[in-house]
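Here's the structure, in structure tokens; my notes come after.
Just so it is clear, none of the values below were taken in a lab; they were calculated from the coordinates. Nothing here was measured: the structure is a model prediction, and the numbers come from that model. Neighbour counts are summed over all protein chains in view; Cβ atoms, including those assigned to glycine, are modelled from backbone coordinates with ideal geometry.
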Ligand SMILES: Cc1cc2nc3c(=O)[nH]c(=O)nc-3n(C[C@H](O)[C@H](O)[C@H](O)COP(=O)(O)O)c2cc1C
């Protein structure tokens, strides 16, 4: 480590930086546990069957035009289905949805029966919309960029459904589900 003022005088050349090894996967995972993320279910459909997964790698991209992005692992069945149909929903979960997050994350009981009847609707594209999500975005995938193990899906937002109530959001941090706590209060 070097103080910022001292480092300015001895900046390493970019080529040398590029050649240097990057962070090993174990260290990457451990460090990224500190990045608290809002938990979503990213869904899609091929017209016959909905599919979806739990995701935290979701973010707003631009308001004009309305775009968001989601990073989806190339190995999963959801990636193939989104890449084929180009339809994608992003459902932002509330604290009481932690059971859904577990199941769509590939763990827990009932992983086979993901889309319980009566809990899901469609809006514009036919992608699955969770009836009581904090907010759901219904998108057409505008662009898809494959980068290493994941694809960055850029969704053109066609419609949105906002829950009228105010529920605590479901967050994932330090390897567990949690929520927001007013300043000064500690996490449970
Ligand atoms: C809290 C949490 C966050 C996750 N975030 C992502 C994500 O952003 N992108 C992704 O591709 N997978 C993510 N996953 C992993 C997928 O949810 C999981 O691998 C899923 O079973 C893949 O389903 P599929 O095979 O139908 O695609 C996350 C899992 C959990 C539990």
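Test residue 72 against the criterion of being more than 8 Å from the ligand (Cβ to nearest atom) and crowded, with 23+ Cβ neighbours inside 10 Å, and give yes or no. No.
Within region 40-68, the set of residues being out of contact with any helix residue (DSSP H, G or I) (no Cβ under 8 Å at 6 or more places or on another chain), farther than 23 Å from residue 176 by Cα and within 11 Å of the ligand (Cβ to nearest atom) comprises 50 only. The residue pairs whose first member lies in region 159-180 and is on the phi > 0 side of the Ramachandran plot, whose second member is surrounded by 10 or more Cβ atoms within 10 Å (Cβ to Cβ), and whose beta carbons are closer than 8 Å, counting only pairs six or more residues apart or on different chains, are 174/33; 175/33. Counting only residues that are touching a residue at least 40 places away in the same chain (Cβ under 8 Å), more than 13 Å from the ligand (Cβ to nearest atom) and surrounded by fewer than 20 Cβ atoms within 10 Å (Cβ to Cβ), region 77-119 holds 4 of them. The lone criterion from (1) more than 10 Å from the ligand (Cβ to nearest atom); (2) surrounded by fewer than 19 Cβ atoms within 10 Å (Cβ to Cβ) left unmet by residue 37 is number (1). Residues in region 132-166 that are over 20 Å from residue 105 (Cβ atoms), in contact with a strand residue (DSSP E or B) (Cβ under 8 Å, 6 or more places away or on another chain) and part of a loop (DSSP other than H, G, I, E, B): 1 in all.
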